[in-house]
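**Student:** Below you'll find the structure I mean.
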Amino acid sequence: MKYPHRPRRDGPGHEPGPWPATGSLQPQRHDARTVSQQGGAHPAHAGVPHAAPLPAPHVAAPAAHPEHAPVSAPAPHPGRAPAAPGSAAEASASRARPGRDRYLDLLRAVALVRVVVFHLFGWAWLTVLFPSMGVMFALAGSLTARSLARPAGGVIRGRLRRLLPPVWAFSLVVVPVMFALSWQPVREEGIWWFIRIGSYLFPAGSPPYPGESGSAGGWLELTWADQAAGPLWYVRAYLWFVLASPLLLKAFRRLPWVTLLAPLALTAVIGTGLVTVPGTFGEGLVDFTVFGSCWVLGFAHNDGLLKETPRYLAVSSAALVMGFGLWWASGHLTAEGWNLDEIPLAQATWSLGFCAILLVYAPSWQQLPGRLARWDSLVTLANNRAVTIYLWHNLLLMAAAHLVDGLWSVPWFGDAFGTYVERSYEVLVLIAVWPLIGLAILAFGWVEDVAAARRPRLWPDGGGRARGA
């Protein structure tokens, strides 16, 4: 069973997998320069951004979907006695939570970078080294729980307001290009297509796209639409989690451990093929169960339950869960080897344990410490534009590959340095994609500000705020 990796019509949609068909970009000769991509239906995701939310980033989303609301004190967990007024605990809490938590911001930025690198190189071990989508969902769950101290209806509306406009901007570019390249969905799918196309407006289901579009060797390869739509799985999963969060949070505060572990049990049933749920609902349900425990783990982080659990117990339990994930993966390896995105139960358990350790040891940074401070502006930019980065990065990887292919056409350069370009092809694409992502931030990122009812900013890297205050 193919799992998170890329959009597929025959299975659950997940984090788009290695961008090229071979798992990494292949150098193109100057006499036949094409870039092949994998076909397929889901991040990742995002990657992002099973982006980032997919990312619900500090905007949250998936991988992400960044949140910009100031950090407030978490809601009390049932049975926990509040700190006495004026106590040291209260004073510490007031100092620790006046603004953004830079540790969470750093994790989200790393998750986004990992998504981009994975979709370029296709290194399966990256899904083990850093499970980006699980991290992004856990961070989004924590932020959503914090927001639910307010009335649930307003929180959901606010999340949708921040999430949907960037998706609409993306769809406004991508969908017309699909039609311009002779996509005829009504002829292919019938009248029901008009309902499915609504997923580009309200991404509760899998969006339709042509299996083949563009032209071989052209700027838009035959599978470009498949790659472009890939990150939308994360948006769908994030949307499901947001809509379910009021009930999930109530269940968690009544039965915390049952709610935390229930998605793993469901994954063992529907993520392993024991029970198959067909259609778009089945695709979304697999995503929901695989990353559900990570989302609920975010609730535990926000409510302080992880801090109340003895550290040795939390870490040893997480290690056991992660060990089970690796054991399960070892017996269910796919053609892509240790790519956990293709093995739902391994992804669910490894991500849960990994995120638990990250959050158990989570400091509360108001500023990035030491040498990490030099990355402050880029971390801030990534969090403020997480949705934009996650949605556009697949298309921009394709564009970067074409730019590198063009080096063979440069007079004398192709003949003199063609061998070096071929040997370092993927690295050159990785270098080229970041300026393109910067251009996408300038062109579309401001939509995230408008969605959040803020003054539009072209490059929100925090350069204008006071430092060291």
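The values are calculated or read from the model by the stated rules, or taken from the named source; none is laboratory data. Please read these numbers as outputs of a predicted model, since none were measured by experiment. Heads up, the Cβs are rebuilt from the backbone with ideal geometry, glycines too, and the neighbour counts pull from every protein chain shown. Keep in mind that these areas ignore ligands, DNA and RNA; they rest on the heavy atoms of the full protein, side chains included. Shrake-Rupley method; radii C 1.70, N 1.55, O 1.52, S 1.80 Å.
**Student:** Applying the selection to the range 332-343, what residues are under 17 Å from the mean Cα position of the chain (by Cα) and either closer than 16 Å to F130 by Cβ or open to solvent by 10 Å² or more (accessible area, probe 1.4 Å) (or both)?
**Tutor:** Of everything in the range 332-343, those that are under 17 Å from the mean Cα position of the chain (by Cα) and either closer than 16 Å to F130 by Cβ or open to solvent by 10 Å² or more (accessible area, probe 1.4 Å) (or both) turn out to be N339, L340, D341.
**Student:** Is it fair to say V110 is at pLDDT 95 or above, on the phi < 0 side of the Ramachandran plot, surrounded by fewer than 21 Cβ atoms within 10 Å (Cβ to Cβ) and part of a helix (DSSP H, G or I)?
**Tutor:** yes
**Student:** Do we find a residue being in a helix (DSSP H, G or I), touching a Lys or Arg at 6+ places or on another chain (Cβ under 8 Å) and crowded, with 21+ Cβ neighbours inside 10 Å anywhere in the range 412-429?
**Tutor:** No, the conditions are met nowhere in the range 412-429.
**Student:** Mind telling me which of the residues F241, F281, F252 ends up being among the aromatic types (F, W, Y) and more than 30 Å from S171 (Cα to Cα)?
**Tutor:** Going through F241, F281, F252 in turn, the sole match is F252.
**Student:** Mind checking which pairs have a first residue in the range 445-469 that is surrounded by 17 or more Cβ atoms within 10 Å (Cβ to Cβ) and a second that is modelled with pLDDT under 95 and outside any helix (DSSP H, G or I), Cβ under 8 Å, 6 or more apart or different chains?
**Tutor:** Taking only residues 6 or more apart or on different chains, the pairs are E448/V59; E448/P66; A452/V59; A452/H68.
**Student:** Same structure, new question: Conditions first: (1) at pLDDT below 95; (2) open to solvent by 20 Å² or more (accessible area, probe 1.4 Å). P210 passes all but one, so which condition is the exception?
**Tutor:** With (1) at pLDDT below 95; (2) open to solvent by 20 Å² or more (accessible area, probe 1.4 Å) applied to P210, the lone miss is (2).
**Student:** Here's a follow-up. Picking from L249, L260, L239, L243, which residue would you name as being in contact with a Ser or Thr (Cβ under 7 Å, 6 or more places away or on another chain), within 23 Å of V286 (Cβ to Cβ) and either of a type in the set (S, T, Y) or in a helix (DSSP H, G or I) (or both)?
**Tutor:** Just a single option satisfies the conditions, and that option is L260.
**Student:** How many residues are open to solvent by less than 60 Å² (accessible area, probe 1.4 Å) and more than 29 Å from A149 (Cα to Cα) when one looks only at the range 261-278?
**Tutor:** Of the residues in the range 261-278, 8 are open to solvent by less than 60 Å² (accessible area, probe 1.4 Å) and more than 29 Å from A149 (Cα to Cα).
**Student:** Next question, about the same structure. (1) surrounded by 15 or more Cβ atoms within 10 Å (Cβ to Cβ); (2) at pLDDT below 95; (3) part of a helix (DSSP H, G or I): which one isn't true of A440, the others all being true?
**Tutor:** That leaves (2) as the condition not met.
**Student:** Return the residue satisfying two criteria in turn: it lies in the range 213-242 and is open to solvent by 20 Å² or more (accessible area, probe 1.4 Å) and of a type in the set (S, T, N, Q), and of such residues it is nearest to L181 (Cα to Cα).
**Tutor:** Checked the range 213-242; the qualifying residue nearest to L181 (Cα to Cα) is S215.
**Student:** Can you go through F202, F281, F288 and tell me which one is assigned to a loop (DSSP other than H, G, I, E, B) and open to solvent by 20 Å² or more (accessible area, probe 1.4 Å)?
**Tutor:** Step by step, each of F202, F281, F288 is checked, and only F202 is assigned to a loop (DSSP other than H, G, I, E, B) and open to solvent by 20 Å² or more (accessible area, probe 1.4 Å).
**Student:** Quick one: which residue in L220, L239 is among the aliphatic types (A, V, I, L, M) and at pLDDT 90 or above?
**Tutor:** Answer to the selection: L239.
**Student:** Let me ask you something else. Restricting to the range 245-260, what's the tally of residues that are among the small types (G, A, S) and loosely packed, with under 13 Cβ neighbours inside 10 Å?
**Tutor:** Going through the range 245-260 one residue at a time, the tally reaches 0.
**Student:** Out of R150, R159, I need the residue that is open to solvent by 10 Å² or more (accessible area, probe 1.4 Å), in contact with a Leu (Cβ under 9 Å, 6 or more places away or on another chain) and not β-branched (V, I, T). Which one?
**Tutor:** Exactly one residue qualifies, and that residue is R159.
**Student:** Here's a follow-up. Kindly establish whether D376 is assigned to a helix (DSSP H, G or I), crowded, with 18+ Cβ neighbours inside 10 Å and not polar (S, T, N, Q).
**Tutor:** The answer is yes for D376.
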